[in-house]
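Let me begin by presenting the structure, written as structure tokens, before commenting on it.
Each reported figure results from applying straightforward, stated rules to the coordinates on display, with no laboratory input. Values in this document were obtained by computation on a predicted structure and should not be read as measured data. Using ideal geometry, Cβ is built from the backbone for each residue, glycine included, and neighbour counts are taken over all protein chains shown.
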Amino acid sequence: MIQGFRFQQATSKIFYSLSLFQVLFTLQAFGQEVIPTKDKNQIKFAFGSCNKFTPEQQSEIFDKIALQNPDSFAWLGDAAYIDIRKYIHYWEPDPSEESIKRKFDNVVQDQHYKKLLQTNAKIIGVWDDHDYNMNDGGKDFEGKYIIQRLYLDFLNEPSDSPRRSNQQGIYVSYYLGEEKRVKVILLGELFIFYLQRFQIFQFSLLTNYQTDVRFNRDHRRDPNPTDMLGEAQWKWLEQELSDKSVLLYLVASGTQVIPDDRFFQEQWYNPSRQRLLQLIRDKKAPVVLLSGDIHQAELMEMPCSDQYLGYSLREITSSGLSFTNTEMTSIFPLFKYIVQLGVPPTFSSHQIDRYLERNYGMVNIEWNNTDIMSSTVQLHIYGNITLAPVLAQEFKLYDFHPNPEKIKEIIDCPIYNLTPTQRKAQNFLVLLQKYDPAAIIVALLGGLLFMNLFKFMKALFSACCRGSQNEINKKIKKD
């Protein structure tokens, strides 16, 4: 499962040695900050994504988050939509640094967001595509170093922070609480442009973490996209997951990790997902995944993961602080069916594990100091109406620790006997029986028409405007 390397040319060894030196330097430079808790008997970690779809939107939901009085709040992408929407779903990078800064400032100056800041919650975060300034962007975005500075300014990151000097992305980790029992890891998936340009190596696949999933990420429209993190971040993540004093890792990504059968949403590339699972297994790491991006909330479980990891791997997605898929229903009423068509029930149930209104997520840990492994871990999704969770799951800490008796060498998992395409088709047939078949078919045709129209218009823009797009990239890079 672990990928090996095949060097393509003799000089590539020099570049590889330099890159490994940079990895080791980065690992030494990144000391983990401790985020203090307001109550030594519990941890309250809040997170969310997809905010300020338009600059004038007010983020009232932060009033509710402030009332929760969390120890920290993590942005998991799209804190502001800093790129420019040309039509429907076609976005271009904003070439103006002043304009980008103004969009981030709109978030900081939002009267509701200020209420969260007044609670003294530690604000941390990692970007996704729209606050990276390139929709579905990856390592080939030449303006990423400018956005790195502006994004970290938005987070009020110290001027001497290693995140500012790291040339491999903005991934980072923190301990939650002075006891250092819990670590949050923010992954970054976008940032490995120079590796591609110099063709240092390629992966030889044996089979089919807050993290930065933009800076080093292969573009989803590449012929064979495989990597989400880049080798430097993989090395860093391996070290982070080797901390045996940690009782629970919260591994956060702007993009959903577990799913492999979604129609429209971005998701981790399968080779990277397999590599992450292998790393968690090898390190025997107790992990809960956090994510954003999809404009709805979701509680997920990876089928049969207990046979591979020794416990069930779970992911909690919160997306839609100020804009969700429900808003689309007012424009296209059949969109509610498209949402179900696009998200098969492989990893969650539409009825009990998903929430389509504006939302934020929280991971709450209540410590049992007489039996630490029996401490309570709550995975909660909250809406914009009350302080009661709209989706809730509760576990004990031991539920996320490997049980060797559950691990099998040969995994028997019938659901994975079906390909992602077969699962999508099966979901379509189920919805035909459950709802008005005509509405389902019209919704499907409408969705397919939109997708193909979007692809056609994007190809048209790419053909006629590629020069101007390159100029935008050069201008951002130059400025």
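Let me check I've understood the local charge: for THR324, count other residues with C-beta under 13 angstrom from its C-beta, Lys and Arg +1, Asp and Glu -1. What total comes out? Working shown, then result.
Numbers: positive: LYS336, ARG354, ARG358; negative: ASP78, ASP293, GLU298, GLU327, GLU357.
So the environment of THR324 carries a net charge of -2.
By the count of neighbouring beta-carbon atoms within 10 Å, fewest first, MET300, MET134, MET373 end up ordered MET373, MET300, MET134. The order of the peptides 123-130, 277-284 by mean Cβ neighbours within 10 Å, most packed first, is 123-130, 277-284.
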